[in-house]
Each structure stands twice: as structure tokens, then as C-alpha cells.
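Chemist: Mind having a look at this structure? Questions to follow.
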Amino acid sequence: MEESNAVPLWWVLLFLLLALGIGAFAVSAVGGSLIAGVAVPA
């Protein structure tokens, strides 16, 4: 079992994937491309 004071690696990966997914959806929702959204923030 993992240490109680350590954050599980799967939780961090899940959070990052969720954050990236929401970010990608937000950029697509406003009608911009992912590449343009990253290179030129709105």
C-alpha cells in the first residue's frame, strides 16, 4: 500500500488528462484550433 502522505501517481495523471481534455474542449468550443490556441492565447 502507498504512503498516506504521498499523492498516488494515477491521481496526478488523471488530473492532468482531465485538465488537458477540458482545455482542448474549451478551445474547440470557441471555434479556434488547438495549435493556434496554444501559439496565440486568446
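Conditions tested, residue by residue: (1) surrounded by fewer than 10 Cβ atoms within 10 Å (Cβ to Cβ); (2) modelled with pLDDT under 65.
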site	(1), (2)
8	no, no
12	no, no
26	no, no
31	yes, no
34	no, yes
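Chemist: For region 7-23, what are the residues that are under 8 Å from the mean Cα position of the chain (by Cα) and of a type outside the set (Phe, Trp, Tyr)?
Modeler: Across region 7-23, the qualifying residues are 16, 17, 18, 19, 20, 21, 22, 23.
The values are calculated or read from the model by the stated rules, or taken from the named source; none is laboratory data. None of the values given here were measured: they were computed from a predicted structure. Glycine gets a Cβ as well: all are built from the backbone with ideal geometry, and neighbour counts include every protein chain shown.
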